[in-house]
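Here is the structure we will look at, set down as structure tokens.
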Amino acid sequence: MTIETVEVSFRVPPPLKGERVDAYLVSRLRGYSRSRVQKLIQEGKVRVRGRQAKPAARVDGGDTVVVLYPRIAEAPCAVERLEVVFEDESLLAVSKPAGMLSHPTHKVIRNTATAVLKSQLPGQTLRLAHRLDRETSGVLLFSKSVEAARSVFEQFFGRKTEKEYLAIVRGKASFKKKSVSLPLEREGGMIRVKQTSSTGTGQTAISEVEILSASETLSLARIRPRTGRLHQIRVHLASLGHPVLGDKLYYGDGRYYLKAVDKTLAPADYAALGAERQLLHAWKLRLRHPVLGTSLEITAPIPADFRAVAQAAGLDLPEGA
């Protein structure tokens, strides 16, 4: 019996040149141990530079590593089309809704931005430029050509893009502006994806936080991340004592995240969380156009759930939001 597969690609950043492909994939595949990755390689499910990888193969900067996942039965995606917020001959940007992955994993294929766009825009070859967490809404950028993808990749990797996020956070902030510089690394506990800044020995992570509006119980923050680490904004806001409202992983001890994984969250849990999802929105993205060289700003509209919570709390959204 032939098992249908789906391809998921990863582009290797230049500083990782020379790293073993199994070590590289362990850092990219959530929930995969070194032995599990090596099994994928031995089964011929990993390709580097278009050829089947060997266990000791080394990657080069700019390489594309492709992993073949077995297609798992899943419910049809509830979203049929994504809102396009910018498009020209080189780029496509959409407003990703909360609850949708940016790209496929070994468990989720249909409910992803790349899968929806493949159906929405048949015949187009789109290259994902970056990622957003499943529960984070906002601007998601794709390139339409190899040349555009290379330029955009270099801009993201070289920290030449500018991003603005909006978040509704717990508590009335006592500060107007604050720069957070806390290195991040995996916590190493039972929740594999959880990040921490407790040891101070992780990767450099810097976020600029500005409070735009506040009530007695909630605040509206604008965050400009200067680096792009996993869960960076959420960890940094939690470190300030103002976790993102609805964040199941960084509010409390992680029990809500584990319940969400097991699909056992109850109404009382959502009431404690304050929102059904983490109220974090990728509002603006600025970069240099890969072909024209001009400055480009792309904005994603504020989702209805975010807007409703802000209005109910008396938080003033920024002009144009």
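The values are calculated or read from the model by the stated rules, or taken from the named source; none is laboratory data. None of these values were measured; they are calculated from a predicted model. Using ideal geometry, Cβ is built from the backbone for each residue, glycine included, and neighbour counts are taken over all protein chains shown. Surface accessibility is based on the protein's heavy atoms, side chains included, excluding ligands, DNA and RNA. Shrake-Rupley method; radii C 1.70, N 1.55, O 1.52, S 1.80 Å.
Which FRET efficiency, nearest 0.05, do Asp262 and Val26 yield, Cβ-Cβ r, R0 30 Å? It would help to have the intermediate numbers written out before the result.
On the way: r = 25 Å, r/R0 = 0.82.
Working from the Cβ atoms, E equals 0.75.
For Thr64 and Thr217, compute 0.36 nm times the residue count separating them, minus their Cα-Cα distance, and round to one decimal in nm. List each step's numbers first, then the result.
Working: separation 153, 0.36 × 153 = 55.08 nm, distance 4.61 nm.
Gain in length upon complete extension: 50.5 nm.
For Lys39 and Lys178, FRET efficiency with R0 = 41 Å and r from the beta-carbon atoms, rounded to 0.05?
Working: r = 45 Å, r/R0 = 1.10.
So the FRET efficiency works out to roughly 0.35.
Which whole-number percentage describes the relative contact order of the stretch 76-219, with Cα contacts under 8 Å and a sequence gap of 6 or more? Don't skip to the answer; put the middle values down first.
On the way: 228 pairs, mean separation 26.0, N = 144.
Relative contact order, the stretch 76-219: 18 percent.
Which whole-number percent is the relative contact order of the stretch 181-321 (Cα, under 8 Å, 6+ apart)? All intermediate terms of the calculation are to be shown ahead of the outcome.
Details: 194 pairs, mean separation 25.0, N = 141.
Answer for the stretch 181-321 is 18 percent.
Find the centroid of the Cα atoms in the stretch 179-241 and in the stretch 85-138, then give the distance between the two in whole Å.
25 Å
Over the chain, what percent of the accessible surface lies on carbon and sulfur atoms, probe 1.4 Å? Mind showing how you got there, number by number?
Working: 7890 of 16090 Å².
Solvent-exposed carbon and sulfur of the chain make up 49 percent of the total.
What is the calculated FRET efficiency for Arg192 to Gln311, with r their C-beta to C-beta distance and R₀ = 30 Å, to the nearest 0.05? All intermediate terms of the calculation are to be shown ahead of the outcome.
Numbers: r = 37 Å, r/R0 = 1.22.
For R0 = 30 Å, the calculated efficiency reads 0.25.
So what is the 222 nm mean residue ellipticity for the chain from helices alone, if each DSSP H run of at least 4 adds -39500 (n - 2.57) and you divide by all residues, rounding to the nearest 500 deg cm²/dmol? The partial results should precede the final answer.
On the way: 8 runs with 70 residues, N = 321.
After summing the helix terms and dividing by the residues of the chain, the value is -6000 deg cm²/dmol.
If I take every Cα pair under 8 Å that is 6 or more residues apart in the chain, average their sequence separation and divide by the length, what percent do I get for the relative contact order?
Relative contact order comes out at 15 percent.
Give me the distance in nm between label points sitting 7 Å out from Cα along the Cα-to-Cβ direction at Leu292 and Asp253, one decimal.
Placing both labels 7 Å along Cα→Cβ, they lie 5.4 nm apart.
Structure shown: which of Lys17/Lys39; Lys17/Lys96; Lys172/Lys263; Lys54/Lys118; Lys176/Lys284; Lys17/Lys54 lie over 27 Å apart, alpha-carbon to alpha-carbon? Present the calculation step by step, with values, prior to reporting the outcome.
Values: Lys17/Lys39 22 Å; Lys17/Lys96 32 Å; Lys172/Lys263 31 Å; Lys54/Lys118 30 Å; Lys176/Lys284 20 Å; Lys17/Lys54 16 Å.
The answer is Lys17/Lys96; Lys172/Lys263; Lys54/Lys118.
With charges only on Cβ, +1 for K and R and -1 for D and E, what is the dipole size of the chain about its Cα centre, in debye, rounded to 20? Walk me through the numbers on the way to the answer.
Details: 50 positive and 33 negative charges, 222 e Å.
Charge dipole, the chain, about its Cα centre: 1060 debye, nearest 20.
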